[in-house]
1. Residues in segment 60-69: is at least one surrounded by fewer than 10 Cβ atoms within 10 Å (Cβ to Cβ), closer than 19 Å to residue 37 by Cα and touching a helix residue (DSSP H, G or I) at 6+ places or on another chain (Cβ under 8 Å)?
2. State yes or no: is residue 42 surrounded by 11 or more Cβ atoms within 10 Å (Cβ to Cβ) and modelled with pLDDT of 75 or more?
3. Which of the residues spanning segment 15-27 are surrounded by 12 or more Cβ atoms within 10 Å (Cβ to Cβ) and farther than 19 Å from residue 72 by Cα?
């Protein structure tokens, strides 16, 4: 186990952040999307050179890869659902290809 640097506070685990975001409205009156937006400033503090270190993520974000298209669903739930759908489609496509005769592959 590594010890956190004395210069930076320890980072909470992702599940802890997700749980806090999910219940943020109940405890703070701030919705999940706004809660995450407020925390995004922390990223600038801990990684001021983020865009240089992670240019692909910056490009993806600029093209709308992380936009919550259904505002009625919290971002993390929507992301989990999309990941599940992608995985299920890949699995079913693989099964379908496996069941097809060799001539149709």
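The values are calculated or read from the model by the stated rules, or taken from the named source; none is laboratory data. Predicted model, so just to flag it, every value in this text is computed and none were measured. When we count neighbours, we look across all protein chains shown, and the Cβ atoms used for this are built from the backbone with ideal geometry, even at glycine.
1. Among the residues of segment 60-69, at least one is surrounded by fewer than 10 Cβ atoms within 10 Å (Cβ to Cβ), closer than 19 Å to residue 37 by Cα and touching a helix residue (DSSP H, G or I) at 6+ places or on another chain (Cβ under 8 Å), which makes the answer yes.
2. Yes: the conditions hold for residue 42.
3. The answer is 17, and nothing else.
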